Amino acid sequence: MTDILIRLFVKNSDNVKDRDVRQSYGKMAGIVGIVCNVFLSASKIITGMIISSVSILADGINNLSDATSSLITLIGFKLSELPADQEHPFGHARIEYVSGLIVAFLVMVLGFDLIKSSFRKIINPDEINFSIISMVVLLVSIAVKLWMSIFNKKIGKAIESTAIEATAVDSLNDVYTTSAVLVCTIIAKFTGLKLDGYVGMGVALFIMYSGIKLVKETLSPILGEAPDPELVSKIALKLRSYKGVLSIHDLVVHDYGPGGRCFATVHIEVDAKNDIMESHDVADLIERDFKKSGLYLVVHLDPIVTDDESINELREMVAHVISTIDKDITMHDFRVVIGYNYKNLIFDVVIPNGYEKSEEQIKKEIQDAVRAVDNSCYTVINIDRYYTNLN
């Protein structure tokens, strides 16, 4: 069924890196979600009202929230297509994240309302009118939600959409909750136990939990999360392959929305004795190559001295000193200003975020350790932070 829908509604479906293809996948997933969830919601709400079952009613409202979620996701995919403008030069792709956040809050509001209605049902339980129709509705719901989970998981993985993959997980969770409602109804029929309110409360709490989890997942990329380590590794490997690039550091990757909308900056170290025009040509070549692959990269040149034995010895000494203090600290942009009676060692030190020592403590530790090796050396240290985990 999934493959049939893809063939019908997604042109060039194999080319998932193409933004238009990705948008087609997202729209199709949203429409399928709306249709399926509206159907399930209507059938459960009507059935729940007929047999006075708050758990079935709660499950139907949960499906209604899923339909709303699919609608907002669909709108989010559509708005994220808007081109860049003067107010938003990086485009509008992050709207997809915002739509997910709106969905998360809606889910939490619905969950809270269901907690209140389920609590009232626990205090004043009503009789559940068992019927074959209710059993059929619940069984159909389980089958549809199981298929939706498989469908969304396949689509989400194909286009690398965390929003759609989260929908797949949510659909599978609905299979569990609807199964619980089904068991509750059967128990009420054969034992007389009125567990309806308790199961409704369980479903409501589960909806609240899903909403909170969804808030965390959608808020993270909006706040700005660390880039995928695999992406960082690929960028670093490619940068180091260019002739004349001795090392790289200060790689910062900015995500402006799903679908490969990334902008980045990086410092590349080149031999100081190279012709500046030649090094500049290398930087231009790197930027052009990365742009072809969908990454807008800005390259900064850092010339370093490589053929001065005394500077190389000092660089190695400082690198060794820093590694003995903490292996998680790295150094770059090393320069030396030599006076008559002293040497100023100027360099940047990169420390992990959340590091327990203050910047002044780190500077003093390095200074003392360097002077213990050579008391004619003074350090001028600039503290940087990790934005990517470069190896």
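The values are calculated or read from the model by the stated rules, or taken from the named source; none is laboratory data. Since the structure is predicted, the reported quantities are computational estimates derived from the model, not experimental observations. Counting neighbours? That spans all protein chains shown, and the Cβs are built from the backbone with ideal geometry, glycine included.
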> How many residues are modelled with pLDDT of 90 or more and either under 23 Å from His267 (Cα atoms) or among the β-branched types (Val, Ile, Thr) (or both) if we restrict to the stretch 338-350?
Replying inline: 7
>> I want to confirm something. Restricting to the stretch 130-164 and keeping residues that are of a type outside the set (Val, Ile, Thr), assigned to a helix (DSSP H, G or I) and at pLDDT below 80, which single residue is nearest to Val10 (Cα to Cα)?
In response: Ala163
> Which one is farthest from Phe206 (Cα to Cα) among residues in the stretch 13-56 that are modelled with pLDDT under 80 and either more than 23 Å from the chain's Cα centre (by Cα) or of a type in the set (Gly, Ala, Ser) (or both)?
Replying inline: Asp14
> Within the stretch 209-232, is even one residue surrounded by fewer than 16 Cβ atoms within 10 Å (Cβ to Cβ), among the aliphatic types (A, V, I, L, M) and closer than 30 Å to Pro125 by Cα?
Replying inline: yes
> Any idea how many residues of the stretch 1-10 are modelled with pLDDT of 80 or more, more than 27 Å from the chain's Cα centre (by Cα) and not in a helix (DSSP H, G or I)?
Replying inline: 0
> List pairs: first in the stretch 25-37 and buried (at least 23 other Cβ atoms within 10 Å of the Cβ), second among the charged types (D, E, K, R), Cβ under 6 Å, 6+ apart or cross-chain?
Replying inline: Asn37/Asp66
>> Which count do you get for residues in the stretch 347-391 that are among the β-branched types (Val, Ile, Thr), surrounded by 14 or more Cβ atoms within 10 Å (Cβ to Cβ) and out of contact with any strand residue (DSSP E or B) (no Cβ under 8 Å at 6 or more places or on another chain)?
In response: 0
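Quick grid of which residues meet (1) at pLDDT 80 or above; (2) crowded, with 18+ Cβ neighbours inside 10 Å; (3) outside any helix (DSSP H, G or I):
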| position | (1), (2), (3) |
| --- | --- |
| Leu239 | yes, yes, no |
| Lys243 | yes, no, yes |
| Asp250 | yes, yes, yes |
| His254 | yes, no, yes |
| Val270 | yes, yes, yes |
>> Among the residues of the stretch 96-109, are any surrounded by fewer than 15 Cβ atoms within 10 Å (Cβ to Cβ), among the hydrophobic types (A, V, I, L, M, F, W, C) and either in contact with a helix residue (DSSP H, G or I) (Cβ under 9 Å, 6 or more places away or on another chain) or in a loop (DSSP other than H, G, I, E, B) (or both)?
In response: yes
>> When you check Ile248 against the structure, is it in contact with a helix residue (DSSP H, G or I) (Cβ under 8 Å, 6 or more places away or on another chain), under 21 Å from Arg19 (Cα atoms) and either in contact (Cβ under 8 Å) with a residue 60 or more places away in the chain or not aliphatic (A, V, I, L, M) (or both), yes or no?
In response: no
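Residue-by-condition table, conditions (1) touching a residue at least 24 places away in the same chain (Cβ under 8 Å); (2) hydrophobic (A, V, I, L, M, F, W, C):
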site: Met277; (1), (2): no, yes
site: Leu301; (1), (2): yes, yes
site: Thr306; (1), (2): yes, no
site: Ile311; (1), (2): yes, yes
site: Ile325; (1), (2): yes, yes
site: Asp328; (1), (2): yes, no
site: Met331; (1), (2): no, yes
>> Quick check on my filter: what residues within the stretch 139-158 are under 25 Å from the mean Cα position of the chain (by Cα), among the β-branched types (Val, Ile, Thr) and surrounded by fewer than 21 Cβ atoms within 10 Å (Cβ to Cβ)?
In response: Ile150
>> Between Gly339, Gly354, which is of a type in the set (Gly, Ala, Ser), farther than 18 Å from Ser247 by Cβ and over 38 Å from the mean Cα position of the chain (by Cα)?
In response: Gly339
